[in-house]
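The values are calculated or read from the model by the stated rules, or taken from the named source; none is laboratory data. Given the structure is predicted, the values throughout are model-derived calculations rather than measurements. Here the Cβ positions follow ideal geometry from the backbone for every residue, glycine too, while neighbour counts run over all protein chains shown.
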Amino acid sequence: MQTKLVCFDLDHTLIQEIHSVMLPCILNGREQDHKVIQAKEEAGLIDYIEADHLRAKLLSGLDEKEIDKCFLDIAKPLKNIAETIQTLHAYSIKCIVVTVGPKQVAKVVAKLWEFDAHYGSDYEVVNGKFTGKIINYIKSENKVDCLKDYCNREKLQAFECVAVGDGATDIPLFEYCAKSIAINASEKAKEVATFSIDTDNLTDILGFIV
């Protein structure tokens, strides 16, 4: 089987600690409010969908351009993301990012590390500023729809795809793709994945792909 596409999760896969909704909350001065929502989610008082809609409200008024300008000042990326994508491209393998987080953050990631496409939840932006609303939310099962959309455009099949992720929202992708790599992952994700690795260097996944 020749791999032609690698689909990457974003939160806790490409970036650690500071996830894609938390980052703009920090930029908007709402980090403490975010922590309250996070604690409720971790305690099981609200699910991840409700939590993300509450987090979205914390972005209200933030200029979208601040994400591009300040991303690397706040995000904690794994080592050698650019080198990994460059290597995969050298093998004519497409690379995309699919996240339940804001597509505005995924867009910055795709531009920074030269991914071929990005997908994420559509957080409303009017006149360059976040409104606090989510127009189209990408749930875990929708991640597969995003992958299928890209595959349809590029005429790729599931057996030519590899998924890389860390958690429950990546499991539908793991089950859809021919191969999957759980990186710094939850036990549930590791059980479903073809391969599993704990590392701070993204190039370590290359041995499973090329």
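A quick yes/no check of all residues on (1) out of contact with any strand residue (DSSP E or B) (no Cβ under 9 Å at 6 or more places or on another chain); (2) farther than 14 Å from Y119 by Cα; (3) among the basic types (K, R); (4) modelled with pLDDT of 95 or more:
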| site | (1), (2), (3), (4) |
| --- | --- |
| N142 | no, no, no, no |
| C151 | no, no, no, yes |
| E154 | no, yes, no, yes |
| C161 | no, yes, no, yes |
| V164 | no, yes, no, yes |
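Every listed requirement among (1) closer than 30 Å to I209 by Cβ; (2) without any contact (Cβ under 8 Å) to a residue 60 or more places away in the chain; (3) touching a Lys or Arg at 6+ places or on another chain (Cβ under 7 Å) is met by A82 save one, (3). Among the residues making up the range 98-124, those that are part of a strand (DSSP E or B), out of contact with any Cys (no Cβ under 8 Å at 6 or more places or on another chain) and in contact (Cβ under 8 Å) with a residue 12 or more places away in the chain are T99, V100, G101, P102, A117, H118, G120, S121, D122, Y123. Please verify whether the range 57-73 includes one or more residues that are under 21 Å from G167 (Cα atoms), surrounded by 15 or more Cβ atoms within 10 Å (Cβ to Cβ), within 16 Å of the chain's Cα centre (by Cα) and among the hydrophobic types (A, V, I, L, M, F, W, C). Within the range 57-73, not a single residue is under 21 Å from G167 (Cα atoms), surrounded by 15 or more Cβ atoms within 10 Å (Cβ to Cβ), within 16 Å of the chain's Cα centre (by Cα) and among the hydrophobic types (A, V, I, L, M, F, W, C).
Of the residues making up the range 1-51, those that are in contact (Cβ under 8 Å) with a residue 12 or more places away in the chain, of a type in the set (D, E, K, R) and not in a loop (DSSP other than H, G, I, E, B) are D11, D33.
Looking across the range 88-124, the residues that are surrounded by fewer than 18 Cβ atoms within 10 Å (Cβ to Cβ) and not basic (K, R) come down to H89, A90, Y91, S92, L112, E114, D116, D122, E124.
Quick check on my filter: what residues within the range 131-184 are basic (K, R), within 21 Å of G101 (Cβ to Cβ) and part of a helix (DSSP H, G or I)?
Step one: of the range 131-184, the residues basic (K, R) are 133, 139, 143, 148, 153, 155, 179.
With within 21 Å of G101 (Cβ to Cβ) added as a condition, the list becomes 133, 139, 143, 148.
Matches in the range 131-184: K143, K148.
Total residues in the range 135-149 satisfying the condition of being touching a residue at least 60 places away in the same chain (Cβ under 8 Å) and surrounded by fewer than 20 Cβ atoms within 10 Å (Cβ to Cβ): the figure is 2. Residue-level check: of (1) surrounded by fewer than 16 Cβ atoms within 10 Å (Cβ to Cβ); (2) of a type in the set (A, V, I, L, M); (3) in contact with a Cys (Cβ under 8 Å, 6 or more places away or on another chain), A39 misses just (3).
Picking from residues in the range 77-87 that are crowded, with 18+ Cβ neighbours inside 10 Å and among the hydrophobic types (A, V, I, L, M, F, W, C), the one that is nearest to S60 (Cα to Cα) is L78.
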